[in-house]
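Peer 1: Please read through the structure below; I'll follow up with questions.
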Amino acid sequence: MPSSSPLPPPPPPAEIRSWPDREALLRDRALILGELVKMFIGPGRLGILWMWAGVAAIGWSLVGAAFLMFEDAYDPLGMIPGVICVAIGAAVLVPAAILLSMGVARDLRVHRLLVQWGGLDRDPARDLPLRRPRAALAWLLLSFTLCAAGLFGCVAVPATARAGQETYGLVAWLVGLGFLGWLTGLTGLVKAFAHRRWVLRVLVGGQAPPAGAGG
């Protein structure tokens, strides 16, 4: 999920700002906010989030396959394929999880910059394209669907195991996939609500950043 695009700096403190006039400030503000909004809730960001979550799911599926192999093994020699699957799965899962966490940390920095730059001034005309209602709605609906499906898997699969319909290895595999789906969907929901809250509080409400936030 992390991007190679560098983040813009925060706005300078009021005492050292060097814009010649308000119009120059508004132009720079609109340019930087446009880039930040793309980084935060642009169409490609959802695809990147789901892509790394899918890679993590592949890694966990290999680990889940190892659980099934361990259940079916009759001797230590029969567990060797499972050990190999665990190693390969971990090699796929761990980097994907690290990249996902790095992406979340970057999103937090982007949102902080959105608040700081958005709080510099008000510019309703230039701010209108920044609201991105359709992009936010797409994030909301798709993330809610994935979150609900993942949560259902986490709840329904253990119930079938208690009824004796699934093995423990299969339950662990499916619950893990459900948890990944729930966590990915929850991340998308938080971003969708964070963007909407930013629009209402900063662009519409004109809330300024806390004192010293620009430094």
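Peer 1: Taking the Cα atoms of the range 21-126 alone, what are Rg (to one decimal) and Dmax (as a whole number) in Å?
Peer 2: Expressed in Å, the Cα Rg and Dmax of the range 21-126 come to 22.7, 78.
Peer 1: When N counts the residues of the chain, how does its alpha-carbon radius of gyration compare numerically with 2.2 N^0.38 Å, as a ratio?
Peer 2: Values: Rg = 22.6 Å, N = 215, 2.2 N^0.38 = 16.9 Å.
In units of the globular-protein estimate, the chain measures up at 1.33.
Peer 1: For Arg122 and Phe152, what is the calculated FRET efficiency with R₀ set at 45 Å and r taken between the beta-carbons, to the nearest 0.05? Walk me through the numbers before you get to the answer.
Peer 2: On the way: r = 44 Å, r/R0 = 0.97.
E(calc), rounded to 0.05, equals 0.55.
Peer 1: For the range 95-206, max minus min Cα coordinate along each principal axis, in Å, sorted largest first?
Peer 2: The principal-axis extents, from largest down, are 62, 26, 16 Å.
Peer 1: What's the carbon and sulfur percent of the chain's accessible surface, probe 1.4 angstrom, rounded to a whole number?
Peer 2: Carbon-and-sulfur percentage of accessible area, whole number: 72.
Peer 1: Work out how much length Tyr168 to Met102 would gain on full extension: take 0.36 nm times their residue separation and subtract the Cα-Cα distance, in nm to one decimal.
Peer 2: Working: separation 66, 0.36 × 66 = 23.76 nm, distance 3.21 nm.
20.5 nm is the gain from fully extending Tyr168 to Met102.
Peer 1: For the range 141-203, what mean projected area does the convex hull of the alpha carbons give, in nm²? Numbers along the way, then the final one.
Peer 2: On the way: hull surface 17.3 nm².
Averaged projected hull area, Cα only: 4.3 nm².
Peer 1: Determine Rg/Rh for the range 60-118; Rg is computed over alpha-carbon atoms and Rh is the Kirkwood hydrodynamic estimate from the same atoms. Don't skip to the answer; put the middle values down first.
Peer 2: Working: Rg = 19.2 Å, Rh = 13.7 Å.
Result for the range 60-118 is an Rg/Rh of 1.40.
The values are calculated or read from the model by the stated rules, or taken from the named source; none is laboratory data. The structure displayed is predicted, hence computed values, not measured ones. So basically every Cβ, Gly included, is an ideal-geometry build from the backbone, and we count neighbours across all protein chains shown. When the accessible area is computed, the model is the full protein with side chains, heavy atoms only, and any ligands, DNA or RNA have been set aside. Shrake-Rupley method; radii C 1.70, N 1.55, O 1.52, S 1.80 Å.
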